[in-house]
Amino acid sequence: MKRLLRGARVVDPANGVDGLFDVLIDGAHIRKVGRDLPVSLAEGGQIVSLDPAFVICPGFIDMHVHLREPGQEHKETVATGVASAVAGGFTAVACMPNTKPVNDNAGVTELILKKAADAGLARVYPIGAVSRGQAGEQLADIAELKQAGCVALSDDGHPVSTALLARRAMEYAGMFGMPLIEHCEDPSLKGEGVAHEGPMAASLGLKGIPGIAEAITAGRDILIAEMVGGHVHVAHMSAWTTLEAVRQGKSRGVKVTCEVAPHHFTLTDALLAAPVPYDTDTKMNPPLREQRDLAAMLAGIADGSVDVIATDHAPHHADEKNVEYDRAPFGIVGLETAIPIALDKLVHAGVIRLPRLVELMSVNPAAILKVPGGSLAEGAVADITILAPDQSVTIDRTAFAGKSRNTPYHGWTFRGVAAATIVGGRVVYANPASGIALAAEAR
Amino acid sequence: MDAPTTDVVLPATSLRRKDLLGIAELTREEIVLVLDTTEAMKEISQRQIKKVPALRGRTVVNLFFEPSTRTRTSFEIAEKRLSADTLGVAVASSSVVKGETLVDTAKNIEAMGPSMIVLRHPASGAAHLLSRVCKSPIINAGDGLHEHPTQALLDAFTIRERKGRIAGLKVAIVGDLLHSRVLRSNVLLLTKLGAEVWVCGPPTLIPMGLEQMGVHTTSSVDAAVEGADVVMMLRIQLERMEGGFFPSLREYFRVFGMTSARLKRARPDVIVMHPGPINRGVEIASDVADGPFSVILDQVANGVAARMAVLYLLAGGGADNETVA
């Protein structure tokens with residue numbers, strides 16, 4: 001079926017497009033982007049007139065989520081995870097391998113892909129474990145993972161245990177063009193820490209995780225990537241010292257990329273004390289840090305040092321979070337809050353302009369993972385995120401499509417929201433509040 | 001004279017708050033109210049029949065998730081002197097043992113209708129968590145590394161009793177600053193009341209950013225003790241040595257142990273305090289602990305009175321108890 005989206009602003013930085021254009025979709029692919037395309041091109045199809053306040057972008061890709069299936073389906077499943085993704089405006093997600101069992105073999109990868117195909121909403125790109133069982137001892141069967149559909153490797157939740165294993169992984173995975181996505185954290189410096197090490201943790205009596213615990217492992221892996229010619233992607237960067245290490249690596253031509261989660265450029269550890277002291281929805285790893293770190297993340301986003309915004313969507317059941325701070329699991333959900341936060345706190349706040357946001361959330365993750373998307377060129381997959389940048393939204397976690405409610409943003413109001421999500425030419429989500437003339441379609 | 005009479009005048013007021021979670025939440029005026037009330041309670045504790053009916057008909061549950069002898073005993077005696085019915089619940093707590101959550105335990109106890117819950121728990125913020133889920137007043141009897149407010153109140157009372165004031169005094173606190181809830185509560189209280197607080201310990205046991213709580217930090221015992229009116233020693237736990245924070249107990253004592261010689265730098269009328277239990281020959285030499293400057297056992301005695309004051313004031317104090325007779 002053909003579909004002509006008319007009248008909206010199109011932001012497609014991969015092709016240098018930013019302006020009022022029409023987008024013609026033919027089946028699962030983009031046919032043409034142009035000014036005032038004749039209606040006859042969509043003959044027999046659907047013609048959708050859009051207000052110029054809407055923005056058509058290549059589909060947003062969240063390259064760091066936890067879908068919890070198999071093994072922890074009480075937190076999230078692949079089906080609820082992709083429902084959450086499309087409701088948040090994401091057309092694709094890459095899911096971390098710390099499931100139970102770990103995604104270190106084709107069987108688990110295939111299960112995830114099967115569940116994703118059954119759900120038929122967002123695309124799902126599994127990330128395979130670096131080491132067998134994520135135990136940090138022996139490389140997983142990486143060729144098998146690649147063949148089954150994994151797009152990258154990570155022992156997320158933990159760093160790759162030793163410099164030697166990180167080296168071997170980068171060398172070996174390089175053969176398949178897969179990046180090593182590193183959860184940077186020196187375990188000895190992290191210890192039993194649950195909060196950023198600094199004045200806030202000191203006054204709350206919480207054990208600290210210093211920022212350099214992250215930077216030290218990032219520095220290690222950047223040096224390894226430089227030596228072996230590998231690609232390391234620094235996951236959920238949070239500390240200013242890590243950003244410095246990444247900048248140095250990039251300036252030397254090392255293949256290092258990095259991502260920042262929305263909470264690390266909007267929140268600091270002040271949130272641990274107020275308004276709700278010891279609220280476990282402020283507990284994530286890496287932890288909320290200080291103003292200096294937050295300012296560095298914003299600077300890195302603005303100056304291009306940061307490649308990607310990824311949510312580290314980490315669903316946990318309410319019962320698991322309703323415990324002492326020390327005992328609560330790390331993590332917050334992010335899929336359904338990321339676009340409002342990014343539009344409000346980055347674009348409307350004047351940190352970056354919209355095309356740069358599209359690079360951070362679509363172009364760059366597609367390039368790093370080497371997956372389709374990130375472009376509205378003729379013949380590209382018709383994965384599209386339509387934004388309503390001026391529409392305000394108040395976050396209501398009770399209305400999330402995902403299974404879990406662990407977010408510190410409940411009740412916050414942001415300007416900007418996803419209006420619709422199109423995957424492979426099919427409208428998989430339409431936000432009724434945005435007034436967009438699209439409706440979600442069954443397969 | 002020995003009958004429970006009204007000859008002691010308790011303040012006809014109360015803390016206008018549901019819980020005592022920490023010193024952080026208290027105003028200067030509230031702290032002074034507790035200290036003044038402690039004085040009246042101490043008078044009761046010195047009678048032959050040490051009992052008033054202030055909390056008659058009320059049930060106080062002492063919910064202890066950590067082993068504690070001194071604090072639990074002190075609270076129990078305080079409760080009994082106020083004629084409360086008391087119940088001690090000691091719960092084995094281990095992060096690896098799966099079982100009922102803290103919230104469920106507390107809700108179950110609350111369902112039985114206690115008037116107050118005194119909570120000791122190894123996790124920082126546990127009292128805050130319970131205060132959100134329980135309607136009963138919560139008294140924090142120590143939460144993890146965070147606060148131990150009744151300890152700070154009894155310490156302040158002891159200092160005021162000896163020195164007549166707190167403002168302007170130099171207080172040196174020496175020991176394991178990283179793992180001490182006593183430290184945090186004392187720093188908050190003493191700085192609110194205008195003392196000059198010096199904290200001292202090995203750099204490995206000084207939390208990053210502690211100076212932002214308005215204290216001088218140093219690793220020189222001599223600098224901390226110099227001219228001090230109050231020297232407060234904190235307990236060193238053996239497991240900290242195993243954690244690599246310092247090489248040996250012997251070396252700790254060599255560098256940080258409070259000896260008579262070191263104490264000479266303090267003011268001649270210095271008082272030496274310790275929240276207990278003390279490690280003789282580790283953080284404090286026996287001749288100091290037992291010596292003329294030591295007020296360690298006064299602290300223990302005052303602890304009962306301070307806890308009586310907190311229980312009384314939180315239970316409504318004079319607000320719904322016109323008299324204590």
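Looking at residue A:192, is it away from chain B (no Cβ under 14 Å) and charged (D, E, K, R)? Outline the logic, then answer.
Values: away from chain B (no Cβ under 14 Å): no; charged (D, E, K, R): yes.
Answer is no for this residue.
Name the pairs: first residue in segment A:235-247 and within 21 Å of residue A:153 (Cβ to Cβ), second residue among the charged types (D, E, K, R) and part of a loop (DSSP other than H, G, I, E, B), Cβ to Cβ under 8 Å, at least 6 apart or on different chains?
Pairs that qualify, where the first residue is within 21 Å of residue A:153 (Cβ to Cβ) and the partner is among the charged types (D, E, K, R) and part of a loop (DSSP other than H, G, I, E, B), are A:235/A:156; A:235/A:312; A:236/A:312.
Any idea how many residues of segment B:160-202 are touching a residue at least 12 places away in the same chain (Cβ under 8 Å) and outside any helix (DSSP H, G or I)? Write out each step before concluding.
Keep residues of segment B:160-202 that are touching a residue at least 12 places away in the same chain (Cβ under 8 Å), which gives B:160-163, B:166-202.
With the extra rule that they be outside any helix (DSSP H, G or I), the set shrinks to B:166-180, B:193-202.
Residues meeting the conditions: 25.
Quick check on segment B:181-204. Is at least one of its residues within 30 Å of residue B:30 (Cβ to Cβ), among the acidic types (Asp, Glu) and more than 14 Å from every other protein chain (Cβ to nearest Cβ)? Give the steps one after another, and end with the answer.
Keep residues of segment B:181-204 that are within 30 Å of residue B:30 (Cβ to Cβ), which gives B:181-201.
Imposing the further condition that a residue be among the acidic types (Asp, Glu) reduces the set to B:196.
Imposing the further condition that a residue be more than 14 Å from every other protein chain (Cβ to nearest Cβ) reduces the set to B:196.
Yes, some residue in segment B:181-204 is within 30 Å of residue B:30 (Cβ to Cβ), among the acidic types (Asp, Glu) and more than 14 Å from every other protein chain (Cβ to nearest Cβ).
Checking residue A:69 against (1) touching a Gly at 6+ places or on another chain (Cβ under 8 Å); (2) within 25 Å of residue A:394 (Cα to Cα): exactly one of these is not met. Which one?
(2)
Yes or no: residue A:188 surrounded by fewer than 23 Cβ atoms within 10 Å (Cβ to Cβ), over 25 Å from the mean Cα position of the chain (by Cα) and in contact (Cβ under 8 Å) with a residue 12 or more places away in the chain? So that I can check it myself, show each step before the final result.
Numbers: surrounded by fewer than 23 Cβ atoms within 10 Å (Cβ to Cβ): yes; over 25 Å from the mean Cα position of the chain (by Cα): yes; in contact (Cβ under 8 Å) with a residue 12 or more places away in the chain: no.
Spelling it out, it is not the case that residue A:188 is surrounded by fewer than 23 Cβ atoms within 10 Å (Cβ to Cβ), over 25 Å from the mean Cα position of the chain (by Cα) and in contact (Cβ under 8 Å) with a residue 12 or more places away in the chain.
With the structure loaded, tell me whether residue A:194 is among the β-branched types (Val, Ile, Thr) and within 18 Å of residue A:265 (Cα to Cα) or whether it fails that test.
Details: among the β-branched types (Val, Ile, Thr): yes; within 18 Å of residue A:265 (Cα to Cα): no.
Here the answer is no, as residue A:194 does not meet what is asked.
For segment A:327-443, which fully contained strands (runs of 3 or more DSSP E) count at least 3 residues that are farther than 15 Å from residue A:59 by Cβ and in contact (Cβ under 8 Å) with a residue 60 or more places away in the chain?
Working: elements: A:384-394, A:413-423, A:426-430.
Filter on segment A:327-443 gives A:384-394, A:413-423.
Could you tell me whether any residue of segment A:375-389 is more than 24 Å from residue A:296 (Cβ to Cβ), of a type in the set (Ser, Thr, Tyr) and either surrounded by fewer than 20 Cβ atoms within 10 Å (Cβ to Cβ) or within 15 Å of the chain's Cα centre (by Cα) (or both)? Reasoning before the result, please.
Of segment A:375-389, the ones more than 24 Å from residue A:296 (Cβ to Cβ) are A:375-389.
Next, from what is left, pick out any that are of a type in the set (Ser, Thr, Tyr): A:375, A:385.
Next, from what is left, pick out any that are either surrounded by fewer than 20 Cβ atoms within 10 Å (Cβ to Cβ) or within 15 Å of the chain's Cα centre (by Cα) (or both): A:385.
Checking segment A:375-389: at least one residue is more than 24 Å from residue A:296 (Cβ to Cβ), of a type in the set (Ser, Thr, Tyr) and either surrounded by fewer than 20 Cβ atoms within 10 Å (Cβ to Cβ) or within 15 Å of the chain's Cα centre (by Cα) (or both).
Report, by residue number, each residue of segment A:223-255 that is on the phi < 0 side of the Ramachandran plot and part of a loop (DSSP other than H, G, I, E, B).
Filtering segment A:223-255 for residues on the phi < 0 side of the Ramachandran plot gives A:223-228, A:230-235, A:237-252, A:254-255.
The answer is A:230, A:231, A:235, A:237, A:238, A:239, A:252, A:254, A:255.
Counting just the residues of segment B:134-143 that are crowded, with 24+ Cβ neighbours inside 10 Å and among the small types (Gly, Ala, Ser), which one comes out nearest to the other protein chains (Cβ to nearest Cβ)?
Among those residues, the one meeting the criterion is B:142.
Right, residue B:248: touching a Cys at 6+ places or on another chain (Cβ under 8 Å) and of a type in the set (Ser, Thr, Tyr) or not? So that I can check it myself, show each step before the final result.
Working: touching a Cys at 6+ places or on another chain (Cβ under 8 Å): no; of a type in the set (Ser, Thr, Tyr): yes.
Criteria not met by residue B:248.
May I ask you to verify whether residue B:275 is assigned to a loop (DSSP other than H, G, I, E, B), of a type outside the set (Val, Ile, Thr), over 30 Å from residue A:207 (Cβ atoms) and out of contact with any Pro (no Cβ under 9 Å at 6 or more places or on another chain)?
Details: assigned to a loop (DSSP other than H, G, I, E, B): yes; of a type outside the set (Val, Ile, Thr): yes; over 30 Å from residue A:207 (Cβ atoms): no; out of contact with any Pro (no Cβ under 9 Å at 6 or more places or on another chain): yes.
Against the criterion (assigned to a loop (DSSP other than H, G, I, E, B), of a type outside the set (Val, Ile, Thr), over 30 Å from residue A:207 (Cβ atoms) and out of contact with any Pro (no Cβ under 9 Å at 6 or more places or on another chain)), residue B:275 does not qualify.
Looking at residue B:219, is it among the hydroxyl-bearing types (Ser, Thr, Tyr), in contact with a Cys (Cβ under 7 Å, 6 or more places away or on another chain), away from every other protein chain (no Cβ under 14 Å) and surrounded by fewer than 24 Cβ atoms within 10 Å (Cβ to Cβ)?
On the way: among the hydroxyl-bearing types (Ser, Thr, Tyr): yes; in contact with a Cys (Cβ under 7 Å, 6 or more places away or on another chain): yes; away from every other protein chain (no Cβ under 14 Å): yes; surrounded by fewer than 24 Cβ atoms within 10 Å (Cβ to Cβ): yes.
In short, yes.
How about segment B:41-133: which strands (runs of 3 or more DSSP E) wholly inside it have at least 2 residues that are over 24 Å from residue A:276 (Cα atoms), more than 14 Å from chain A (Cβ to nearest Cβ) and touching a Ser or Thr at 6+ places or on another chain (Cβ under 6 Å)?
Numbers: elements: B:59-64, B:85-90, B:116-121.
Filter on segment B:41-133 gives B:59-64.
Please tell me if residue A:249 is more than 14 Å from every other protein chain (Cβ to nearest Cβ) and under 22 Å from the mean Cα position of the chain (by Cα). If you could, list the steps in order and put the result at the bottom.
Details: more than 14 Å from every other protein chain (Cβ to nearest Cβ): yes; under 22 Å from the mean Cα position of the chain (by Cα): no.
No; evaluated as a whole, the condition is false for this residue.
With over 27 Å from residue A:95 (Cβ atoms) and modelled with pLDDT of 95 or more as the only criterion, which of A:210, A:262 stands out? First the steps, then the outcome.
Numbers: A:262 fails: over 27 Å from residue A:95 (Cβ atoms).
Being over 27 Å from residue A:95 (Cβ atoms) and modelled with pLDDT of 95 or more holds for just one of A:210, A:262, which is A:210.
The values are calculated or read from the model by the stated rules, or taken from the named source; none is laboratory data. Bear in mind that the values here come from a model prediction, so they are computed numbers and not experimental data. Cβ: placed from backbone, ideal geometry, glycine included. Neighbour counts: every protein chain shown.
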